[in-house]
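Each reported figure results from applying straightforward, stated rules to the coordinates on display, with no laboratory input. Not measured: the values here are computed from a predicted model. Note: ideal-geometry Cβ built from the backbone for every residue, glycine included; neighbour counts use all protein chains shown.
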Amino acid sequence: MARITEIMLLEQAEHTALVIERQGSMSTFSQLIGEGFLKIGTYLNELNKAPCDIPFVEYPAYNEMTEENIRMVIGFNTTKSLPAKNDIQSIIIPERRIVVCLHKGSYDELANLYNEMAEWIKEQGYTPSGTSIEHYYTGPEVPESEQITRIVMPLE
């Protein structure tokens with residue numbers, strides 16, 4: 001399919017998140033993401049807390065990723081700062097301007113949307129931060145053609 005909303009400029013408020021950082025390759029990144037979501041979700045249950053938004057994966061320097069080197073920050077947004085535990089960290093995500101768009105379809109098709117968003121950012125005279133965040137509305141049990149993903153590109 002492709003994008004299902006317009007590309008939008010938004011102001012994102014400062015908020016907190018529980019995150020785990022991981023590094024892997026194309027062959028391991030799905031497993032690492034699943035394990036990260038499970039680990040953070042289990043910890044939130046231990047704290048008797050729930051996330052305040054859908055799960056996300058941030059890709060710092062996404063345009064420098066290779067099939068063998070994918071750096072990820074896996075997480076859930078929270079309503080307040082929570083205690084860290086082992087490799088789970090509580091972070092503050094600063095207020096910032098972001099460019100956002102929703103995509104429906106296979107994750108393999110996301111590259112086209114990334115290109116469209118990068119072009120939109122350039123045409124509007126903004127500078128991307130080099131980071132992208134994918135928020136997953138659907139899980140792996142949903143057919144690829146029905147996957148819904150929100151792409152967020154913070155600006156400098």
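Maximal additional length on extending the residue 14-residue 138 stretch stands at 42.1 nm, based on 0.36 nm per residue less the C-alpha distance. Using the Cβ of residue 2 as centre and a radius below 13 Å, the other residues enclosed give a net charge of -2, where K and R count +1 and D and E count -1. So what's the angle, to the nearest 10 degrees on a 0 to 90 scale, between helix 110-123 and the longest Cα principal axis of the chain? For helix 110-123, the angle is close to 60 degrees. Simple rule: put +1 on each Lys or Arg Cβ and -1 on each Asp or Glu Cβ in the range 2-154, find the dipole, and look at 2, 47, 127; the Cα lying farthest toward the positive end is 47. Calculated mean residue ellipticity at 222 nm for the chain: -7000 deg cm²/dmol, from DSSP H runs with n ≥ 4 weighted as -39500 (n - 2.57), summed, divided by the residue count and rounded to 500.
Near residue 103: Cβ cut-off under 15 Å, other residues only, Lys/Arg at +1 and Asp/Glu at -1. The net charge is -4. Largest first, the three principal axis extents of the alpha carbons in the range 65-148 are 40, 37, 29 Å in whole numbers. Spatial offset of the range 1-79 relative to the range 86-107 amounts to 6 Å, using the alpha carbon center of each. Rounded to the nearest 10 degrees, the angle from helix 29-46 to the longest Cα principal axis of the chain is 40 degrees. Shape class of the range 1-46 from the alpha-carbon gyration tensor: oblate, with a/c at 1.5 or above and b/c at least as large as a/b.
Residue 52's amide H: which non-local residues (gap 5+, or another chain) put their own amide H closer than 5 Å, with H modeled 1.01 Å from N in plane and none for Pro or chain starts? Distant-sequence amide H within range of residue 52: 77, 78, 79.
Take every Cα pair under 8 Å whose residues are at least 6 apart in sequence, average their separation, divide by the length of the chain, and the relative contact order is 33 percent.
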